[in-house]
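The values are calculated or read from the model by the stated rules, or taken from the named source; none is laboratory data. Fair warning: this is a prediction, and the values are worked out from it, not measured in the lab. As a convention, Cβ positions derive from the backbone with ideal geometry for all residues, glycine included, and neighbour counts pool all protein chains shown. For accessibility, only protein heavy atoms count, side chains too; no ligands or nucleic acids. Shrake-Rupley method; radii C 1.70, N 1.55, O 1.52, S 1.80 Å.
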Amino acid sequence: MLRIMPGDGVHANHLNTGNLAILRRTAKMTRNAKDAYMKFHDLWVWRSAEPHAREEELAWQLTELASDPVAVDQDVIEMIGNRIIDNASVAIASLLRRPVAAARQQALAHPRTGGATLYGLSRDCRVSPEWASWANGTAVRELDYHDTYLAEEYSHPGDNIPPLLAVAQHMDRSGADMVRGLATAYEIHINLVKAISLHKHKIDHVAHLGPAAAAGIGTMLGLSKEVIYQAINHALHVTTSTRQSRKGQISSWKAYAPGHATKLAVEAVDRAMRGETGPAPIYEGEDGVIAWLLDGKDAHYRVPLPEAGESKRAILESFTKEHSAEYQAQALIDLARRMRTQIPDITLVEQVLIHTSYHTHAVIGSGAKDPQKYDPDASRETLDHSIPYIFAVALEDGGWHHVDSYTSERAHRPQTVALWRNVETRLDEEWERRYHDPDPAKKAFGGRVVIKLQDGTTLVDEIAVADAHPAGTRPFARENYVQKFETLAAYAASDGERSAFIDAAGRVADLAPEELAGLTPVADTIGLSSAVDGQGIFDA
C-alpha cells in the first residue's frame, strides 16, 4: 500500500503515465510499511499483459478487510442497532405505497422454508432471502428517509441491512454474526464512497453497494477469502448501471435500485460458495469498471481502508435523516424553517438564491437543468430531488412532512408554484470546499440563502449541517431513532409489536438466530395481506 497523506502533493484522479509508473514503483517499495494512519490502497488500471499479484487488487484488499476477525466496538454495535430501527421506521411507513407493494408481491411468489421475513407480514411468512432483500430494500428506500454518507460519491449505507438480515435469518446466523457483517459492509461502502466518484461518469451509486453487501455477507457467514473475493468481483460486475434512474422524471426505480443491487449481491455470494468465479480484476482490468465506466485507463484512486486489526468504525461517520427528502436538502429544510420566522407575509418573497456545493446545485438544484424539478405534475421521486420545491414548501409551512409535503394538491397550490419558480441554486466555491473537507467534523452539506422581499428587504442566513447531523444543533441519539419509529410505525403496528421490536434492536448483538425475525416488525393493525395477486410472471 502506498500511504499518501494530506500535504504529500499528490491529489488527482488522473495522472500522466510517467507519474503513474513512479507511484506504482513507490507503492511496491512501501507496501508493507506501517504508520499511525488508516492505510490507502492505490487503485489503477493494469494492462492484461502487465503482471501483478492478486493481493494488489482492490477486491482482494476488501476481502482481507472482510476476513479480519477484529471485534466490533460497543459504540458501533449501538449505532447498528440505531440504523436497524431507522430502516424499520421508514419501511413500515411505506408499506402501502405502490412500489413497495409490488416488490412485496414479487417476493411472496418465492416462498421458502426457513427463508427470511418481510417487513409488515407475519413472521411465519418466509421467502427466499434474495427476494426478501429485494422487497425489504425497496421498502427501506421508497421514502428516501434513512441513513446517508456523502463524499466523492453519494450513498445510503443502511441499504446493506436488508440483505444481511435476510441471509442471516435464512442461514440461522446470530445477531453477533450479523453485527460483524454489517460493520464490514458499512466500512467498505463508506470508504469506497470517500474515494471513487460514480456520479461524475453518470454511474448510479449502487455500484458501491453491491461489493459492500457481498463482503458483509462473507464476514457474517465466515466464508473463505477465495469465496469472498469471487463474490465481490461478481457483485460489482452486475450492479453497475447509469444514473438515469435519478435524472429527469424520476421513476419508482429509484426505490428499487438498491434492493436490486443487494439481490444480485446475495446471488453472487451463493454462486461463489458453489466454487464459481467472477470477472477479475474487476476494478483494475483493462476492460474493467475503472477503465471504461469511470476515470479511464490512466486513472488513479486512493481508497482508505483500516489496517489489519483496526476496528471497523466507518458507520459512525454516517448520518440519518430527520426529513423525508434527499440528504442535501436536510440542512436547507432546517434553514427554511428558521428563516420562516423572519417573514411576516410569505407572499412578499420575490426571489430565493441558495449558494451551495456542486452536489446540491447539480443534483437536486437548478444546476441539474431538469425542467421536471419545477413541474407540479412531477413524481414524488422527482420532487424529493428538487431543492427549489422542497425549500419553497418548507419556507411556506415552516417544516416538512413525509406525506403531506408531497401531495399533488400541495405541489399544485398556486402560491407555492409562484414561489417555487423563483427559487434558484448557485454553485459557491467556498461551500464546495467545505463539502469536501477531509475532516468529518468540518464537512458542510448546507449553504447560504438570500431571500429578497418585494419591499427591498434582504434576508441572509446560512447553515452548515442539518440539525440532526452529529455536528448539528440536535444530533440524533437513540431516543430520536425510537421516536422516529414510533411516529412512522404507529399507524400499522400495535404498542406491543413496536415495543418488542425496539427491545430486539437494542440488544441486536445478543440475539439468537431464532430472534432475528423480530427485527422486521409486523403490521398487525392494518391486515396486510400475504396472498399473491396473480398479476405477474412469478405468480403463474
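Quick rundown of the values:
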read-out	value
Condition broken by E430, with the remaining ones in (1) open to solvent by 20 Å² or more (accessible area, probe 1.4 Å); (2) touching a residue at least 40 places away in the same chain (Cβ under 8 Å); (3) not polar (S, T, N, Q) satisfied	(2)
Tabulated pairs, segment 271-291, first more than 17 Å from Q61 (Cβ to Cβ) and β-branched (V, I, T), second modelled with pLDDT of 95 or more and open to solvent by 10 Å² or more (accessible area, probe 1.4 Å), C-beta under 7 angstrom, 6+ apart or interchain	T277/Q230
Any hit, segment 390-407, residues being of a type in the set (D, E, K, R), open to solvent by 30 Å² or more (accessible area, probe 1.4 Å) and either part of a loop (DSSP other than H, G, I, E, B) or closer than 28 Å to E142 by Cβ (or both)	yes
Residues of segment 262-280 that turn out to be in contact with a Leu (Cβ under 9 Å, 6 or more places away or on another chain) and in a loop (DSSP other than H, G, I, E, B), as a count	2
Residues satisfying the stated conditions in segment 351-380, i.e. aliphatic (A, V, I, L, M) and either touching a strand residue (DSSP E or B) at 6+ places or on another chain (Cβ under 6 Å) or in a loop (DSSP other than H, G, I, E, B) (or both)	V352, L353, I354, A378
Every pair of residues 6+ apart whose Cβ atoms lie under 9 Å, when the first sits in segment 340-351 and is loosely packed, with under 14 Cβ neighbours inside 10 Å while the second is assigned to a helix (DSSP H, G or I)	T347/Q415; T347/A418; T347/L419
Residue satisfying all of: in segment 494-540; in contact with an Asp or Glu (Cβ under 7 Å, 6 or more places away or on another chain), without any contact (Cβ under 8 Å) to a residue 60 or more places away in the chain and not acidic (D, E); surrounded by the most Cβ atoms within 10 Å (Cβ to Cβ) among these	A504
Unmet requirement for A492, which otherwise passes all of (1) at pLDDT 95 or above; (2) over 17 Å from L95 (Cβ atoms); (3) touching a strand residue (DSSP E or B) at 6+ places or on another chain (Cβ under 8 Å); (4) not aromatic (F, W, Y)	(2)
Close pairs from segment 379-404: first farther than 16 Å from V449 by Cα, partner crowded, with 21+ Cβ neighbours inside 10 Å and polar (S, T, N, Q), Cβ under 6 Å, at least 6 apart	H402/S324
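Matching residues to (1) crowded, with 24+ Cβ neighbours inside 10 Å; (2) part of a strand (DSSP E or B); (3) not β-branched (V, I, T):
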position	(1), (2), (3)
L182	yes, no, yes
A185	yes, no, yes
H189	yes, no, yes
S197	no, no, yes
K200	no, no, yes
A212	yes, no, yes
T219	yes, no, no
